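All remarks here apply to the structure that follows.
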Amino acid sequence: MMLYPKMNETRSLIDLSGIWKVQIEKQGTNIDPCKPLQETILIAVPASLNDQVIDEEIRNHVGNFWYETELTLPSSIFNERKVIRFASVTHKAIVFINGEKVAEHIGGFTPFEVEIDSHVKLGINNLKVCVSNILDESTLPCGFYQEINGKPYVTPRFDFFNYCGIHRPVKLYTTNHTHIDDIIIHYDYKDGETSVTPEVAISGEYDKVTIEIVDENNKIVAKANSLNESLLILGTHLWQPLQAYLYKLKVSLYNVNGNLLDTYAEEFGVRTVKIENNKFYINDKEFYFKGFGKHEDFPVLGKGFNSAVTNLDKNLMKWLGANSFRTSHYPYSEEEMILADREGIVVIDEVPGVGLFTNFHVDVNLNINKDSKNTWQTLQTHDNHKNVIQELVKRDKNHACVVMWAIANEPASHQEGAGQYFRPLVELTKRLDHQKRPVVIPNIVNATPELDQVTEFVDVICLNRYYGWYIQHGNLDLAIEGLRNELKKWHEKYPNKPIMFSEFGADTISGLHSLYRTPYSEEFQIDFYRRNFEVLDELDYIVGEHLWNFADFETAANIRRIDGNKKGIFTRDRRPKSIAFELKRRWEKL
Ligand code: GCB
């Protein structure tokens, strides 16, 4: 159901990127999807809408944005099965073709698609997408929704700008009426041999199927003529961190005359993941995570996909000697995952399970609902949470780069009910994932070893910790003492679980220098990491360090956020702060 769209012998692909029209649905207006939109502005797709306009009201509009374009179908593809696929629309989308509703999707970071044959005609068709950016206590991410004087407001319970729009490519692809819906690549590796058992979902009639595994030289290394056979790769080239090797598994369907009906080649890498005695292993070698929590965030584009930015980020990570990142705090573009596969970059793949703490606000003094009840009695996110896990595992299951799933970030895991909320979600993730990869829930500082109720279910203890910044601000001696104490407690409680830093960092204004090495200066950022690294290097049960953040990023207006979050190792436009060179020296040695 969710294969990445590709062009090949049997499939055509049309990219609908470009300039679309958008009408902002003002309060009290009623937009008729059968009629052309009124008072439209021009907006580029894919990209966030917010930073393309010079209009504060549009940038901060809460509600619906109606997108419109022409969907022109040439006769060369008209008799094929036609599917329109949205790689992501943030956060909710309702799709209309020629005025008729054809699809609806909730969740701003995973793809959805719909077959459109019964709704389209040859030539020009009208395509509209009603995009909503509303977040509330049932959505992921989770926001606080209220109406003041009849006007809607969303206060994010998370620390990044609530960008919206059609963020990733919209594509039309065709297949034969008989087609391959999905491929799950099960494999079992032992002593150089890999037994591959593909699970293929097919719609329609066919007479013959072939499955081939092709290596990087396009040489067929294994072949089968039925869906029930396993294929054997001899002398397997393993997918290794920073030394990727990718095979292709190619499924082809034929009719009785030997005509090719459909074919699809899915890339995959062979690697194993294991946790034993508080160590993390990839291919039976100890693995130490060096890298970042990131964001999809760039000037002008907002959260829009851009292949050059994605590629630059990957090159910057490699330049520093990083080997991994976490898709904080939502699934990233499929193209970024494909790139990570190809370059051997290890990924912790995160769902948009952020904001699950009703008392959370970036500025503690501005806490929107101080007297709110227990998080788990207040939120109604469980159904959407199951959905985002399902959609992410479905999308990313075959990626070699994915070694762990993060099913939330900083939930109120110290509050009563967290265990009941998360236990079934951890189980669901493992049930859905054919590789049973480890599951993590990056932990918030409030959820101390004494109070936390979810760590027993997770495989690696991921800590987001800001000793020296939010705790003992500016006093690094006391900070690392606190850090040492806390780590000791976690380790005593869970001696067999590895611990990693999934976030730690300090806001740093690029170009700000201080003889006294004070907070916000580039010198302080260096000291902050030096002292934190000192602690990490002492402890052999620590399996990784993900710095917060790869780059500065945009947030909502806030007294603690002057032009966004400045904890980047790079600025928002990817210039290095001084720490970058220090980090490069450390990671190249580690
Ligand atoms: C966190 C959050 C992250 C924030 C970061 C910060 O713990 O997980 O989303 O941006 O702290 O900088 O405060």
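Laid out as a table, the results:
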quantity	calculated
Given (1) out of contact with any helix residue (DSSP H, G or I) (no Cβ under 8 Å at 6 or more places or on another chain); (2) at pLDDT 95 or above; (3) closer than 19 Å to residue 502 by Cα; (4) assigned to a loop (DSSP other than H, G, I, E, B), number of the condition residue 348 does not satisfy	(4)
Qualifying residue in the range 418-432 (condition: away from the ligand (no atom under 14 Å from the Cβ) and in a loop (DSSP other than H, G, I, E, B))	no
Some residue of the range 396-409 being part of a helix (DSSP H, G or I) and away from the ligand (no atom under 16 Å from the Cβ)	yes
Hits in the range 365-412 - residues which are aliphatic (A, V, I, L, M), over 16 Å from the mean Cα position of the chain (by Cα) and at pLDDT 95 or above	379, 412
Residue 528 being touching a Phe, Trp or Tyr at 6+ places or on another chain (Cβ under 8 Å), modelled with pLDDT of 95 or more and surrounded by 22 or more Cβ atoms within 10 Å (Cβ to Cβ)	yes
Top-ranked residue in the range 469-481 [being assigned to a helix (DSSP H, G or I) and more than 16 Å from the ligand (Cβ to nearest atom); ranked as surrounded by the fewest Cβ atoms within 10 Å (Cβ to Cβ)]	477
Output for the range 445-463, where each listed residue is within 12 Å of the ligand (Cβ to nearest atom) and in contact with a His (Cβ under 9 Å, 6 or more places away or on another chain)	446, 447, 462
The one condition in (1) within 16 Å of the ligand (Cβ to nearest atom); (2) within 25 Å of residue 136 (Cβ to Cβ); (3) out of contact with any Cys (no Cβ under 7 Å at 6 or more places or on another chain) that residue 442 fails to fulfil	(3)
Qualifying residue in the range 96-103 (condition: surrounded by fewer than 15 Cβ atoms within 10 Å (Cβ to Cβ), touching a residue at least 24 places away in the same chain (Cβ under 8 Å) and among the aliphatic types (A, V, I, L, M))	no
Strands (runs of 3 or more DSSP E) within the range 165-238 that include 2 or more residues not hydrophobic (A, V, I, L, M, F, W, C)	170-175, 179-190, 193-203, 208-214
Where a residue in the range 465-490 is at negative phi and its partner, wherever it lies, is surrounded by fewer than 19 Cβ atoms within 10 Å (Cβ to Cβ) and of a type in the set (Gly, Ala, Ser), with Cβ under 7 Å and at least six apart	467/482; 471/482
So residue 268, is it at pLDDT 95 or above, within 16 Å of residue 440 (Cβ to Cβ), surrounded by 21 or more Cβ atoms within 10 Å (Cβ to Cβ) and of a type in the set (A, V, I, L, M, F, W, C)	no
Residue, surrounded by the most Cβ atoms within 10 Å (Cβ to Cβ), within the range 534-580, restricted to residues that are under 21 Å from residue 316 (Cα atoms), out of contact with any Phe, Trp or Tyr (no Cβ under 9 Å at 6 or more places or on another chain) and not small (Gly, Ala, Ser)	571
Of all residues making up the range 1-40, the number that are surrounded by fewer than 16 Cβ atoms within 10 Å (Cβ to Cβ), free of Cβ contacts under 8 Å to residues at least 60 places away in the same chain and not in a loop (DSSP other than H, G, I, E, B)	2
Among (1) over 21 Å from residue 324 (Cα atoms); (2) out of contact with any Phe, Trp or Tyr (no Cβ under 6 Å at 6 or more places or on another chain); (3) away from the ligand (no atom under 16 Å from the Cβ) - the single one residue 517 does not satisfy	(2)
Candidates 242, 227, 232, 246 - the one that is surrounded by fewer than 19 Cβ atoms within 10 Å (Cβ to Cβ) and closer than 30 Å to residue 47 by Cβ	246
Test for residue 362: is it in contact with a strand residue (DSSP E or B) (Cβ under 6 Å, 6 or more places away or on another chain) and at pLDDT below 95	yes
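Residues checked against (1) within 16 Å of the ligand (Cβ to nearest atom); (2) part of a loop (DSSP other than H, G, I, E, B); (3) touching a helix residue (DSSP H, G or I) at 6+ places or on another chain (Cβ under 9 Å); (4) not aliphatic (A, V, I, L, M):
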position: 540; (1), (2), (3), (4): no, yes, no, yes
position: 543; (1), (2), (3), (4): no, no, no, no
position: 547; (1), (2), (3), (4): yes, no, yes, no
position: 555; (1), (2), (3), (4): yes, yes, no, yes
position: 563; (1), (2), (3), (4): yes, yes, no, yes
position: 568; (1), (2), (3), (4): yes, yes, no, yes
position: 573; (1), (2), (3), (4): no, yes, no, yes
position: 580; (1), (2), (3), (4): no, no, yes, no
position: 587; (1), (2), (3), (4): no, no, yes, yes
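The values are calculated or read from the model by the stated rules, or taken from the named source; none is laboratory data. Given the structure is predicted, the values throughout are model-derived calculations rather than measurements. Please note: Cβ atoms are built from the backbone with ideal geometry, for glycine as well, and neighbour counts cover all protein chains shown.
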